[in-house]
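The block underneath contains the structure these notes are about, expressed in C-alpha cells.
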Amino acid sequence: MTQTTLYQQSPAWIRSISPYVPGKPVTELARDIGLPLESIVKLASNENPLGISPKARAAVEKAMNGIERYPDTFDLAAALASHLRVRHEQIVLGNGSNDVLDLAARVFLTTGRSAVMAQHTFVVYLLATVMTGAECIVTPAKNYGHDLAAMRAALRPDTRVVWIANPNNPTGTFLPYDDIKAFLRGVPADVAVVIDEAYNEYLPPDLRVDTVRWIDEFPNLIVTRTFSKVYGLAGLRVGYAVAAPEVADLMNRVRQPFNVNNLAAAAAIAALDDKAFVDQSHELNRRGMRQIEAGLKELGLEWIPSRGNFITFRVADAAGVNQRLLRQGVIVRPLVGYEMPQHLRVTIGLEQENERFLAALKNALNS
Ligand SMILES: *Cc1c(COP(=O)(O)O)cnc(C)c1O
C-alpha cells in the first residue's frame with residue numbers, strides 16, 4: 001500500500017506503534033476451526049472463569065433503566081474512596097485500568113521525556129509512553145521479573161514516569177513490598193512511579209501490603225487497580241488510579257468526562273460489595289494454580305512461579321504447541337511480543353477447563 005501524504009503527517013512515533021495483539025476471541029477460533037463455541041476453552045486473557053458476581057449482574061440489569069442519561073460516576077468514586085480509605089479527590093476512574101495508565105502517561109510525558117519499564121512486562125506501558133512522543137527505556141529482567149536496581153540506574157534527568165507491574169504480567173513475578181518502598185525512597189520526587197496492581201486481589205493475604213497507604217509519604221506514587229480480573233468485569237471496562245489529590249486532579253483533567261459508563265459504574269459498586277465472590281474467585285484460583293502446576297510437572301515442563309491468575313511455562317516449540325492447542329479448541333497466550341518466544345501463558349480456569357488444557361497440552365507435546 002502506498003502511504004499517502006496524510007499518513008506521512010502522523011508523527012513518526014505514532015507510525016512506529018505496533019498494534020496491541022489481544023488474546024484470540026472464542027468467536028474467532030470457532031469460525032477458524034469450525035468448532036461450536038461451547039467446546040472452546042479460552043485461557044488467554046486472565047479473565048475470571050467464574051464470570052461476574054450475581055450482585056453485579058443484578059446491578060447492571062437495574063442500571064438499564066437510565067442508560068439514556070449520561071453517566072454519573074460520583075457514587076463509584078465515593079464507594080472506592082470509602083473502600084480504600086482515601087479522599088474522593090484521590091480517585092481517577094478509567095475505562096479499564098489501561099485508560100488510567102494512558103492518563104498518567106499523557107499527564108507527565110511528552111517529546112523529549114522518557115519513561116522506564118522492565119523487559120517482559122505489560123506492553124500497554126510501552127504503548128502509552130510511545131503515544132506521547134516520549135522515549136521508553138527498557139531495563140533487562142532479572143529472573144523474569146523487574147530488576148529495580150537496574151531501573152533506578154536507568155533513570156535519566158528527562159525521566160518522568162516509571163512503570164511497575166506487581167504482580168507482573170505476563171510472568172507472574174512478584175516484588176516484595178520492602179524492595180518497592182526502598183526503590184521509592186531512591187527515586188526523585190519529580191518522577192511518577194506507577195504501580196499497576198491488576199492482580200493485587202490474587203495475592204495471599206499474608207503477602208499483601210496496601211500501597212495506597214504510602215501515597216502520603218510518596219506523593220509521586222500512583223497505584224492502579226482494575227475490575228477486569230478478580231471482579232470479572234473485563235468486558236465492561238472499569239479500572240481506577242489512586243494518587244495524591246493534585247496528581248489525580250491532573251489526570252482527571254485529561255480524562256474523557258464520561259469514560260466509565262452507567263452499567264460499568266453500577267456493576268463495579270456492587271462488585272466491590274461482594275466479598276464472598278472475590279473470596280470464591282481467589283480460592284478457585286489458588287486450587288487451579290496447584291492443579292496446573294502439578295500437571296506441568298507431570299509433563300516435565302518448567303514454569304515461572306506466579307502470583308497472578310495465570311502461569312507462564314516453557315516449551316521449546318511454543319509456536320507449534322500453540323497451534324496444536326488451538327486445533328483442539330484451547331486458547332492460551334503466546335508471548336513472542338514479550339521477547340519470550342519459548343513461553344506460553346495460560347490463565348487459571350475452572351477445574352474442568354484446566355483439565356482440558358492439560359490433556360490438550362499433553363497431546364500437543366506428543367504430536
Ligand atoms: C489485565 C491487566 C490490566 C487490566 O487492564 P484493564 O484495562 O483494567 O482491563 C492492567 N495491567 C495489567 C498488568 C494487566 O495484566
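Odds and ends about this structure:
- For the chain, the percent of C-alpha pairs falling in each 20 Å distance bin, counted from 0 to the bin holding the largest distance, reads 28, 58, 14.
- One decimal place: the segment N363-V336 gains 7.5 nm when fully extended, by the rule 0.36 nm per residue minus the C-alpha distance.
- The stretch between K62 and S39 holds 5.1 nm of extra length on full extension. This uses 0.36 nm per residue minus the Cα-Cα distance.
- Other-chain or far-sequence residues with amide H under 5 Å of H343's (modelled H): V315, L335
- Pairs exceeding a 32 Å alpha-carbon distance, out of K142/K229; K55/K181; K181/K229: K55/K181.
- FRET E, pair D32, E302, Förster distance 22 Å, beta-carbon r, rounded to 0.05: 0.15
- Amide hydrogen proximity for A118: with H placed 1.01 Å from N in the peptide plane, the residues at 5 or more positions away or on another chain lying under 5 Å are T139.
- Rough spin-label spacing in nm, given labels placed 7 Å along Cα→Cβ, for A294 and V209: 3.4 nm
- Amide H contacts under 5 Å for I348, placed H, 5+ residues apart: F310, I311
- Tensor-based shape of region 143-188 (alpha-carbon gyration tensor, a/c under 1.5 rounded, otherwise prolate or oblate): prolate
- Candidates S82, S53, S281: whichever shows maximal mean-square fluctuation once the chain is modelled as a Gaussian network with Cα springs under 10 Å: S82
- Working note: Debye formula, equal point scatterers on the alpha-carbon atoms of region 54-272, no solvent; log10 I(q)/I(0) at q = 0.13, 0.14 Å⁻¹ is -0.71, -0.82.
- For a straight C-alpha distance cut-off of 15 angstrom, the aspartates and glutamates reachable from K42 (same-chain residues fewer than eight places away being disregarded) are E28, D32, E351, E353, E355.
- A helix-only calculation puts the chain at -12000 deg cm²/dmol for mean residue ellipticity at 222 nm, using -39500 (n - 2.57) for each DSSP H run of at least four residues, averaged over all residues.
- Global geometry of region 151-222, whether rounded, prolate or oblate, following the gyration tensor of its Cα atoms and the 1.5 cut on a/c: prolate
- Sequence-ordered 3J(HN,Hα) estimates for region 169-176 from the Karplus curve with 6.51, -1.76 and 1.60 and θ = phi - 60° stand at 10, x, 9, x, 5, 10, 9, x Hz, glycine and proline given as x.
- Estimated vicinal HN-Hα couplings, Hz - region 211-224 in sequence order (Karplus 6.51, -1.76, 1.60; Gly, Pro = x): 5, 4, 5, 7, 5, 4, 6, 10, x, 8, 8, 10, 9, 10
- Hz values of 3J(HN,Hα) by residue in region 195-205 - Karplus curve (6.51, -1.76, 1.60), Gly and Pro given as x: 9, 8, 10, 4, 10, 3, 5, 8, 5, x, x
- Taking a ≥ b ≥ c as the square roots of the eigenvalues of the Cα gyration tensor, region 1-118 is oblate, since a/c reaches 1.5 or more and a/b is not larger than b/c.
- GNM result for the chain, Cα springs below 10 Å: residue of E197, E135, E38 fluctuating most strongly: E38
- Around H146: net Lys/Arg minus Asp/Glu count, Cβ-Cβ under 12 Å: -1
None of the figures in this text is laboratory data; all of them are computed from the coordinates on show. The model shown is predicted, which means the values in this text are computed figures rather than measured ones. Note that we place each Cβ from the backbone using ideal geometry, even for glycine, and neighbour counts take in every protein chain shown.
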